[in-house]
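First comes the structure, then the notes that go with it.
The values are calculated or read from the model by the stated rules, or taken from the named source; none is laboratory data. Just so it is clear, the model here is predicted, and its values are computed rather than measured. For neighbour counting, all protein chains shown are included, and Cβ atoms are generated from backbone atoms with ideal geometry for every residue, glycine included.
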Amino acid sequence: MGRRNLHSQEELKELILQAAYDIIKDGRNNITARNIAAKIGYTAGTLYHVFESLDDIVLHLKSRALDKFEICFSEYFAENPFTIKNFFGFYINYCLNSRQDWLLMVERILEKEGVPAWYQEKFAHLFNILIATVSQATNSDYQQASTLTKLIWASAQGLCMLSLKGQSEIVSDHDLHMLQKEFSNLFELFVNEHALA
């Protein structure tokens with residue numbers, strides 16, 4: 001029998017999210033209401049008094065992953081100069097060192113009603129920070145910086161996906177570091193040719 005009234009709504013939210021985060025380490029398919037409830041000692045129905053659905057729980061995990069990325073980004077570039085090479089390197093290293101959070105951050109959202117506005121705003125906030133940083137570092141306008149940020153993000157994400165999703169025969173962790181340097185050089189050429197720096 002599940003426990004009742006032992007935790008506040010906010011405490012339950014934290015328990016549920018931590019349990020889901022722990023469970024997702026073994027794969028996205030392991031996230032079920034029953035698995036989460038069993039881990040926290042409550043009934044599965046309790047989860048739906050705190051979250052709208054299982055997808056809502058995953059969205060909150062993704063939101064936390066975005067927060068972690070933003071914190072790491074801010075801390076790293078508070079101590080290191082922002083260059084395209086450093087940005088690309090930071091992204092690759094984040095992927096390698098924080099795999100679970102990175103996968104949560106980039107996993108596609110399959111919401112039936114679309115992505116909720118609160119999550120879209122959170123992702124837009126993070127991306128605007130990245131674009132502003134790229135704009136300042138390259139002396140480019142918003143549109144140019146936005147394009148360059150998306151190029152860097154998509155390239156780094158693609159390389160990491162190949163490395164992490166069972167495609168290690170194509171891109172190993174070692175290859176990631178080598179390719180990171182090559183992509184960084186390409187981006188520097190792009191910036192210079194387009195007079196963004």
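Residue count for the stretch 126-143, restricted to those that are surrounded by fewer than 12 Cβ atoms within 10 Å (Cβ to Cβ) and either under 20 Å from Lys68 (Cα atoms) or of a type in the set (D, E, K, R) (or both): 1. Here the condition is being crowded, with 16+ Cβ neighbours inside 10 Å and in contact with a His (Cβ under 8 Å, 6 or more places away or on another chain); of Leu47, Leu66, Leu61, Leu17, it holds for Leu17 alone. Taken over the stretch 23-41, the criterion of being surrounded by 17 or more Cβ atoms within 10 Å (Cβ to Cβ) and either touching a residue at least 40 places away in the same chain (Cβ under 8 Å) or not in a helix (DSSP H, G or I) (or both) is satisfied by Ile24, Ile31.
Residues that are closer than 26 Å to Asn80 by Cβ and in contact (Cβ under 8 Å) with a residue 24 or more places away in the chain within the stretch 103-124 comprise Leu103, Leu104, Met105, Val106, Lys122, Phe123, listed in sequence order. Within the stretch 157-169, residues that are crowded, with 18+ Cβ neighbours inside 10 Å have Cβ atoms under 6 Å from residues that are modelled with pLDDT of 75 or more in these pairs: Cys160/Cys95, counting only partners at least 6 apart in sequence or on another chain.
To keep it simple, each residue is scored yes or no on (1) within 21 Å of the chain's Cα centre (by Cα); (2) assigned by TED's automatic domain parsing to the domain that holds Ala132; (3) among the hydrophobic types (A, V, I, L, M, F, W, C).
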position: Ile23; (1), (2), (3): yes, no, yes
position: Asp26; (1), (2), (3): yes, no, no
position: Ile31; (1), (2), (3): yes, no, yes
position: Ile40; (1), (2), (3): no, no, yes
position: Trp102; (1), (2), (3): yes, yes, yes
position: Val106; (1), (2), (3): yes, yes, yes
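Please verify whether the stretch 81-92 includes one or more residues that are under 30 Å from Ser163 (Cα atoms), outside the structural domain of Gln136 (by TED's automatic domain parsing) and either buried (at least 19 other Cβ atoms within 10 Å of the Cβ) or modelled with pLDDT of 95 or more (or both). No, every residue in the stretch 81-92 fails to be under 30 Å from Ser163 (Cα atoms), outside the structural domain of Gln136 (by TED's automatic domain parsing) and either buried (at least 19 other Cβ atoms within 10 Å of the Cβ) or modelled with pLDDT of 95 or more (or both).
Flag: Phe73 matches the condition of being under 19 Å from Gln157 (Cα atoms), aromatic (Phe, Trp, Tyr) and crowded, with 18+ Cβ neighbours inside 10 Å.
In this structure, does Gln100 turn out to be surrounded by fewer than 16 Cβ atoms within 10 Å (Cβ to Cβ), touching a residue at least 40 places away in the same chain (Cβ under 8 Å) and in contact with a Lys or Arg (Cβ under 7 Å, 6 or more places away or on another chain)? Lay out the reasoning, then the answer.
Numbers: surrounded by fewer than 16 Cβ atoms within 10 Å (Cβ to Cβ): yes; touching a residue at least 40 places away in the same chain (Cβ under 8 Å): yes; in contact with a Lys or Arg (Cβ under 7 Å, 6 or more places away or on another chain): yes.
Answer is yes for this residue.
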